[in-house]
Amino acid sequence: MTPTVAIREDSFDVTQTDSFQLCLEMSKERFRFCVIEPGTHRCFWLEDYTFPTLLTENPLLPSLQAIYQNHPVLQSASWKTITIAVNSPSFTLIPSPLFRKEYAAQYLQLMRGNPLSLSEHALAYVHRKEEFYAVFSIDNALTDWLAATYPLQQTTVIHQSSALIQATSLKDSVLDSSHKLSLNFEAETVTVIFRKGGQFMFCNRFAYKNSTDLVYYILYVVNELKTDPKELKLVLFGEITPFAEIYTVLEQFFPQIQFGTHPSELNLTAAFEDTPDHRYFSLFGTALID
């Protein structure tokens, strides 16, 4: 299987991975990973794969197995840290004082209106600074495969929203604006995060079919947050370009609209200069998880 994007530093020794961080981001439609050097936060390797979801109902595991087979980097089982972001549709945030591990599945059931199936279970990741837990669902088969792939490594599994929350918490001139709404786009979904003066206030994900649906959801969120769209700094990340219809429509309602950049902590070399700076925000956010 061939990646749609591949950025590789020639100086990276694929046989010496035990001092590097491996960051994985996976969903039914896509798999991405990058290799980061802790300390310098330099990115040495990035690959991005998309899957033909119309051909099969569950392409992730067979696709992962095909990618991993004989891959010069992913075949390594020795890493300093491994962080895995799962882009599953079911997640919710629970304040730390209310969280009980044994009720994780019930939190998700309350959120989505039906219990978890027998083929999935609930996991949770604590955001200590923000004082809440991100609870999310994950397929049993995927956790079994990860355990078999990295049997001697301690892995951290999070939801993609946790990577976005972490990345938007960083000190930055854009992110520190008094009212800031960040949108991370995937295939027909958008994750919305609202921060006021840098303080986390809101996170949710919406599915949409067209730009009209999207703008309706965004304006609804802004209204519920009792915020004037003209006062918001709207920052865009992920799978969106300045030529997209969505951008043109959003621009009509949000005069302070702009594309985001990669987290300032990350050190990207000249090899990344042709890659849109906002595209891999969630993957790079995974690299910043404690």
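The values are calculated or read from the model by the stated rules, or taken from the named source; none is laboratory data. Note that the structure is a prediction, hence the values are computed from the model and not measured. In this analysis, Cβ positions are derived from the backbone assuming ideal geometry, glycine residues included, and neighbour counts consider all displayed protein chains. The area values use the complete protein model at the heavy-atom level, side chains included, leaving out ligands, DNA and RNA. Shrake-Rupley method; radii C 1.70, N 1.55, O 1.52, S 1.80 Å.
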Out of region 249-274, which residues are in contact with a strand residue (DSSP E or B) (Cβ under 7 Å, 6 or more places away or on another chain), in contact (Cβ under 8 Å) with a residue 12 or more places away in the chain and closer than 16 Å to Ser211 by Cα?
Leu250, Phe254, Ile257
Scanning region 20-54 residue by residue, those modelled with pLDDT under 95 and of a type in the set (S, T, N, Q) turn out to be Ser27, Thr40, Thr50, Thr53
I want to confirm something. Restricting to region 119-148 and keeping residues that are of a type in the set (Asp, Glu) and not in a strand (DSSP E or B), which single residue is most open to solvent (accessible area, probe 1.4 Å)?
Glu131
Which of the residues belonging to region 193-242 are open to solvent by less than 30 Å² (accessible area, probe 1.4 Å) and hydroxyl-bearing (Ser, Thr, Tyr)?
Tyr208, Ser211, Thr227
Out of Leu60, Leu74, sole residue that is closer than 20 Å to Ile289 by Cβ and of a type outside the set (Lys, Arg)
Leu74
Among strands (runs of 3 or more DSSP E) entirely inside region 1-75, those with 2 or more residues being open to solvent by less than 40 Å² (accessible area, probe 1.4 Å) and closer than 23 Å to Ala141 by Cβ are 21-26, 30-37, 42-50
Test set (1) touching a Cys at 6+ places or on another chain (Cβ under 8 Å); (2) modelled with pLDDT of 95 or more - Phe272 fails condition number:
(2)
Do any strands (runs of 3 or more DSSP E) entirely within region 165-234 hold 1 or more residues that are under 16 Å from the mean Cα position of the chain (by Cα) and of a type in the set (Val, Ile, Thr), and if so, which?
189-196
List the number of the failed condition for Pro151; all other conditions in (1) open to solvent by 60 Å² or more (accessible area, probe 1.4 Å); (2) assigned to a helix (DSSP H, G or I) hold.
(2)
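Right, Asp139: farther than 23 Å from Thr168 by Cα and within 18 Å of the chain's Cα centre (by Cα) or not?
Taking the combined requirement at face value, the residue satisfies it.
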Write out, first by first residue and then by second, each pair whose Cβ atoms fall under 9 Å of each other, whose residues are 6+ apart or on separate chains, and whose first residue, in region 99-116, is more than 22 Å from Arg128 (Cβ to Cβ) while the second is part of a helix (DSSP H, G or I) and open to solvent by 60 Å² or more (accessible area, probe 1.4 Å).
Pro115/Gln106; Pro115/Gln109; Leu116/Gln109
Quick one: how many residues across region 244-282 are open to solvent by less than 20 Å² (accessible area, probe 1.4 Å) and part of a helix (DSSP H, G or I)?
4
